[in-house]
Amino acid sequence: MNNQIEILNKIIRDRQSVFPSSFDPHRKIEDKVIKEILENAIWAPSHGLTQPWFFKVFYSKGVYTFFEALKEIYKSVTPIDKFSEIKYNKYTQKAELVSHVVVVYMKKDPRGIIPEIEEIVATGCAIQNIYLSFKSYGIGGYFSTGSIAYTKQVHDFLGLTDEEKVLGFFQLGIPDANMKEKQRKRIPASEKTTWISE
C-alpha cells in the first residue's frame, strides 16, 4: 500500500479523546503548538469559502478564569434536584490539570446566503482537523459540549454576538507518560452504507 495512504489511515483511525484526568499537571503545551494546530484547523472546507470558524484560547491564568466561570454557570442553571457537588468541584480540578482551553464557535454568513447548518458542518470539519493533530504534536484533549456550552450565560461570558454560536470547548494537556490507551471500537462502514447502482 502507498505509504501516504498508510499514514493517513493511521492518523484518522488513531484519533482519540484524552480526558484531563490523564493529563500530566506538571507539563504545559507551548503556545506555538496551539497556534500550529489552529492553522491546521482552518484548512477545513466551507461552502462559498465563508470560513465560519473562530477560536478563543484560554491559557495560563485564563484557564482558571474559564473553569471558574463554567463552575458558576453550572450552579446557576442547574435545578437543585439535578445539582451535583462532585460535578461542581470537578471544574476546579480541571483548572489544575488543563493546559489550554480552545473554545470553537462559528459565525453565520452575514449575507444570509449559506444555510446555518452548512456553517456548523464546516466548523465541525475544523474541529476534526484539531483532533487529528493531537498525536503528532504529543498532546491530548477532548471536545467538551453538553447543555452548559450552549447556554446564554456561556455565550455572554465569551462576549459573542447574536450571529455567533458556540460549538464546544477543547480541553487540552500533555498526556501522562503512564496513560494507557483505551481500546476503541467502531461499527463497520459496511453496516452503515447503502450502495445504489441504478
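The values are calculated or read from the model by the stated rules, or taken from the named source; none is laboratory data. Note that the structure is a prediction, hence the values are computed from the model and not measured. Don't worry about glycine lacking a Cβ; one is built from the backbone with ideal geometry, like all the others, and counts go over all protein chains shown.
Which of the residues that make up the stretch 1-41 are out of contact with any strand residue (DSSP E or B) (no Cβ under 7 Å at 6 or more places or on another chain), among the β-branched types (Val, Ile, Thr) and surrounded by 11 or more Cβ atoms within 10 Å (Cβ to Cβ)?
Scanning the stretch 1-41 gives ILE11, ILE12, VAL33, ILE37.
Out of curiosity, is SER60 under 26 Å from PRO175 (Cα atoms) and free of Cβ contacts under 8 Å to residues at least 40 places away in the same chain? Don't jump to the end; show me each part of the working.
Values: under 26 Å from PRO175 (Cα atoms): yes; free of Cβ contacts under 8 Å to residues at least 40 places away in the same chain: yes.
In short, yes.
Taking the stated definitions as given, is GLU6 of a type in the set (Asp, Glu), modelled with pLDDT of 95 or more and on the phi < 0 side of the Ramachandran plot? Spell out the reasoning first.
Values: of a type in the set (Asp, Glu): yes; modelled with pLDDT of 95 or more: no; on the phi < 0 side of the Ramachandran plot: yes.
When the stated conditions are applied, GLU6 does not pass them.
Quick check on the stretch 60-92: of everything there that is farther than 20 Å from ASP156 by Cα and among the hydrophobic types (A, V, I, L, M, F, W, C), which residue is farthest from the chain's Cα centre (by Cα)?
It comes out as ILE80.
Out of the residues in the stretch 117-143 meeting the condition of being out of contact with any Lys or Arg (no Cβ under 8 Å at 6 or more places or on another chain) and among the aromatic types (Phe, Trp, Tyr), tell me which one is nearest to LYS56 (Cα to Cα).
Checked the stretch 117-143; the qualifying residue nearest to LYS56 (Cα to Cα) is PHE143.
With (1) under 26 Å from GLU36 (Cβ atoms); (2) without any contact (Cβ under 8 Å) to a residue 24 or more places away in the chain as the list, and GLN128 as the residue in question, which single condition is left unmet?
(2)
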